[in-house]
1. Scan the chain and hand back the longest stretch that contains none of the trypsin sites (Lys or Arg not before Pro) lying in DSSP loops with at most 10 other Cβ atoms within 10 Å.
2. Between the stretch 281-324 and the stretch 122-185, what is the C-alpha centre distance in whole Å?
3. Pull up all non-local amide H partners of residue 279: gap of 5 or more, or a different chain, and H-to-H distance under 5 Å with H placed in the peptide plane.
4. The stretch 235-361: percent of C-alpha pairs farther apart than 20 Å?
5. Using θ = phi - 60° and the Karplus form 6.51 cos²θ - 1.76 cosθ + 1.60, what ³J(HN,Hα) does each residue of the stretch 330-335 get, whole Hz, x for Gly and Pro?
6. Ranking 264, 298 by Cβ neighbours within 10 Å, fewest first, what do you get?
7. For the chain, divide the Cα radius of gyration by the Kirkwood radius and give the resulting Rg/Rh value with two decimals.
8. Which lysines have a Cα lying under 28 Å from the Cα of residue 170, excluding residues fewer than 8 positions away in the same chain?
Amino acid sequence: MTQFYMGVASGGEEQDFRYAGHGDYVLNLDSGKLGGPQGLFVKLRAEHRFGEGITDATGAIIPVNLVADLPVADSTELYLTNVLFTQMFSESFGVFAGKMDTLDGDMNAFAHGRGKTQFSNAAFVATPIGLRTIVYSSLGTGFLIMREGEPIFTFTVINSTDTSGTSGFKELFANGASVIPELRLPTNLFGRPGHFLFGASWSSRDYAALEQDPFIVLPDIPISRKTDSWSLYWNFDQYLFVDPCDATRGWGVFGRAGIADAETNPIEWFLSFGVGGNSPISSREADTFGVGWYYSATSDRLSPFINTILGGVGDGYGVEMFYNIEVNKWFHLTADMQVIRPAHETVDTALVVGLRAVIDL
């Protein structure tokens with residue numbers, strides 16, 4: 001259970017503090033341990049949100065606390081976002097199919113965590129560059145290749161429209177499909193662990209409007225009709241320090257970059273960079289921290305359509321800093337501060353501050 005009390009202390013559209021939360025219930029089943037087929041795994045995830053998010057008060061189009069708007073913004077219903085079956089045929093190869101959420105993609109050691117354990121801002125949870133081609137939750141299938149217990153390549157074909165609120169069978173491929181390959185390679189620069197991730201997406205969907213999406217705060221805006229869309233993205237994480245007494249502890253740097261189809265995606269290119277990991281304070285070994293900067297460039301092709309509805313819109317950028325305190329094994333409290341230069345040109349720079357509390361049982 002993740003709870004937020006966050007607000008705009010200055011600037012933005014409105015100075016206000018609000019309470020919001022997110023419930024996340026996950027069940028992982030190992031068929032082999034239950035006496036069934038070996039190598040078959042089932043993942044079930046149910047989610048709901050409650051309270052009132054703060055992103056609209058900032059004037060930003062990238063949510064400052066993504067998980068507060070998942071799985072369906074403005075709804076407090078409980079939704080199944082994962083009913084996923086994975087069959088491993090060996091230690092290195094498996095196939096999967098079912099309803100899945102995509103937030104575990106674009107993995108990064110220091111900037112991921114589903115918005116619950118590391119950064120809160122969507123810009124540091126996963127790349128927003130694929131928001132037009134990679135929906136949050138829908139039916140799909142694919143395969144994965146593993147090495148030493150980690151996926152190094154995944155290939156996913158998923159329905160091109162989000163069906164978080166339904167089973168998805170009626171909508172299955174009615175508006176096309178999205179194809180998402182990702183390659184994540186381990187590195188050992190400077191004798192310390194790291195990764196390079198290369199990803200792409202392509203959708204055959206027919207685009208005629210900018211619909212509401214969990215990764216972006218925009219109303220439905222008609223655009224010139226276009227068939228298919230694409231994106232390319234990359235990220236890296238690199239440890240600079242590893243505890244000689246505990247190889248699972250350390251800190252390092254991360255970054256993301258991506259480009260997308262400017263005729264369908266409101267974000268044409270994106271950059272982020274930062275530092276994060278375990279606290280360097282010797283007495284707080286289980287605490288974590290992060291500092292990140294991002295820049296989001298609005299599409300020149302779509303800005304005239306957006307300006308018609310919202311007025312002047314340019315590029316957006318911001319900084320987020322957090323410190324995550326492990327109060328005990330099941331309760332973490334995070335202090336968070338963000339400085340956001342919204343894409344809305346008439347909105348002043350927003351200072352966002354708040355707390356995040358996570359109860360993990």
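Read-outs: derived from the displayed coordinates by stated rules, not from any lab. Since the structure is predicted, the reported quantities are computational estimates derived from the model, not experimental observations. Neighbour counts are summed over all protein chains in view; Cβ atoms, including those assigned to glycine, are modelled from backbone coordinates with ideal geometry.
1. My reading of the result: 1-169 is the longest stretch.
2. 23
3. Result for residue 279 returns 287, 288, 289.
4. On the way: 4651 of 8001 pairs.
Distances greater than 20 Å cover 58 percent of the Cα pairs.
5. Each residue of the stretch 330-335 in turn: 10, 9, 10, 10, 10, 8 Hz.
6. Fewest-to-most Cβ neighbours within 10 Å comes out as 298, 264.
7. Here Rg/Rh amounts to 0.95.
8. 43, 99, 226
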